[in-house]
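Before anything else, here's the structure in question.
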Amino acid sequence: MKILFVLEHFYPYIGGAEKLFYVLTRELAKKGHEITVVTTRFEKDLPEGEILDGVKIVRVNCFNRFAFTVFSLPKVIRFARKSDLIHTTTYNAALPASLAGKLTGKPVFVTFHEVWGDLWKRLPFTTFLERNLFYYFEKMLLKLPFSKFIAVSNFTKNELIKNGIPEEKIQMIYNGIDYDLFKKYSPAPPEVFTYTYFGRLGISKGLNLLIPAAADFRKSFPDSKLKLILPKYPEALFQTIMALVEKHGLKDYIEFHHNLPREELYNQLLSSSCVVISSYSEGFCFAATEAVALEIPIISSDQGALKETVSGKYIPLDAMTSEVLSEALKSAYLQEWHETPIRYFHLSESAEAYLELYEEG
């Protein structure tokens, strides 16, 4: 089968959606399928085209992911003609994929990681205009004639139904991870209480809550440390976060890491007392499943699909405020964890579910 993936970001970009498609495309290529990915050339030193683990990657020169919506269309149409189906995802890749499907008569599947709806209007680090543009853009995407909507959790599936997508057009497929990658690791908690945030920079990630919570927690527990493992892009958001760190006087308290290779990332996580996931919403959350696989306790916002993906030792927040998060950090310091049986999300099961869906057409 020839499958075209149209994705605004792809490896080596850091993010949950990017992890899904990186592992999925590799797994499909291993099974003998012809896989092409059209994506953004988000860094100048990335090649415009390459084959990686059997996956053909075509990168579009454009200055940001929003421009990708327009500038990717010629290449998307060209490769769509040679493909059996198109698979895309929210947000900015969905429109060119849908148009290419209409022009070439190919079925288009879309993976919805999250449906934010009114949440767009409550998120930090955005202007009034940006919040409304994103809100209405999402509404428009939900009206496009995709052949199938793929939800990565029951939470996302229910949000799609609430927004008018017929249940028979929705397939729920959990994201998956390769647990073999985690077998060689074991936790090594530090002597100093160290709590860690890791993942992409995004307006929904709750860093506006974590940083003031850290400033408050530090007053009672000065012998603690926060690790922030995040990229420096988008640059404007990174600078906003750094200004917030400066405002709260935390530059000497926070240990920063950027763009770590996987093994180094996992070692940094393993030398943490716990991981903090302070998101306003999560459609699935790879950070949660990886932390669980590494047996690292989690402080969880308990929003969205985190109720489905967080297991093992954890502390849920009962409100989205920096004060509540600071109290949760104190509970973690005192080892006052909730505990549930570990829940697994296997990559092989996810890949098989996608293959079955592709074959159904």
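The values are calculated or read from the model by the stated rules, or taken from the named source; none is laboratory data. These figures come from a predicted structure and were not determined experimentally. Backbone-built Cβ (ideal geometry, glycine too); neighbour counts: all protein chains shown.
For residues in the stretch 261-282 being assigned to a loop (DSSP other than H, G, I, E, B) and modelled with pLDDT of 95 or more, which is surrounded by the fewest Cβ atoms within 10 Å (Cβ to Cβ)?
Result: 271.
Only one residue in 114, 130, 138 is under 25 Å from residue 73 (Cβ atoms), not β-branched (Val, Ile, Thr) and not in a helix (DSSP H, G or I). Which one?
Result of the check over 114, 130, 138: 114.
Okay, moving on. For the condition surrounded by 13 or more Cβ atoms within 10 Å (Cβ to Cβ), without any contact (Cβ under 8 Å) to a residue 24 or more places away in the chain and not in a loop (DSSP other than H, G, I, E, B), what is the one hit in 331, 350?
331
Just one of the numbered conditions (1) out of contact with any His (no Cβ under 9 Å at 6 or more places or on another chain); (2) touching a residue at least 40 places away in the same chain (Cβ under 8 Å); (3) not small (Gly, Ala, Ser) is not true of residue 90; which one?
(1) is the only condition that residue 90 fails.
Sticking with this one: Of the conditions (1) under 18 Å from the mean Cα position of the chain (by Cα); (2) in a loop (DSSP other than H, G, I, E, B); (3) modelled with pLDDT of 95 or more; (4) polar (S, T, N, Q), residue 83 satisfies every one except a single condition; which number is it?
Failing condition for residue 83: (1).
Can you tell me how many residues within the stretch 308-328 are in a loop (DSSP other than H, G, I, E, B) and among the β-branched types (Val, Ile, Thr)?
So the answer is 2.
Look at residue 148 and say whether it is within 17 Å of residue 112 (Cβ to Cβ) and in contact with a helix residue (DSSP H, G or I) (Cβ under 7 Å, 6 or more places away or on another chain).
It is true that residue 148 is within 17 Å of residue 112 (Cβ to Cβ) and in contact with a helix residue (DSSP H, G or I) (Cβ under 7 Å, 6 or more places away or on another chain).
So is residue 159 modelled with pLDDT of 95 or more, surrounded by fewer than 14 Cβ atoms within 10 Å (Cβ to Cβ) and outside any loop (DSSP other than H, G, I, E, B) or not?
No: the conditions fail for residue 159.
With the requirement that a residue be assigned to a helix (DSSP H, G or I) and within 21 Å of the chain's Cα centre (by Cα), what does the stretch 162-179 give you?
179, the sole residue that qualifies.
Could you tell me which residue of the stretch 228-260 is nearest to residue 125 (Cα to Cα), considering only residues that are assigned to a loop (DSSP other than H, G, I, E, B), of a type in the set (A, V, I, L, M, F, W, C) and under 20 Å from the mean Cα position of the chain (by Cα)?
If we take residues in the stretch 228-260 being assigned to a loop (DSSP other than H, G, I, E, B), of a type in the set (A, V, I, L, M, F, W, C) and under 20 Å from the mean Cα position of the chain (by Cα), then 230 is nearest to residue 125 (Cα to Cα).
Determine, yes or no, whether residue 124 is in a loop (DSSP other than H, G, I, E, B), more than 19 Å from the chain's Cα centre (by Cα) and either at pLDDT below 95 or surrounded by fewer than 16 Cβ atoms within 10 Å (Cβ to Cβ) (or both).
Spelling it out, it is not the case that residue 124 is in a loop (DSSP other than H, G, I, E, B), more than 19 Å from the chain's Cα centre (by Cα) and either at pLDDT below 95 or surrounded by fewer than 16 Cβ atoms within 10 Å (Cβ to Cβ) (or both).
Shifting gears a bit: Being among the charged types (D, E, K, R) and assigned to a helix (DSSP H, G or I) is the filter; apply it to the stretch 1-45 and report the residue that is farthest from residue 71 (Cα to Cα).
This residue is 30.
Moving on to the next point. Quick one: would you say residue 307 is farther than 26 Å from residue 335 by Cα, touching a helix residue (DSSP H, G or I) at 6+ places or on another chain (Cβ under 9 Å) and either among the small types (Gly, Ala, Ser) or outside the structural domain of residue 24 (by TED's automatic domain parsing) (or both)?
So residue 307 fails the test.
Here's something else I'd like to know. Within the stretch 143-156, track down each residue that is part of a loop (DSSP other than H, G, I, E, B) and under 18 Å from the mean Cα position of the chain (by Cα).
152, 153
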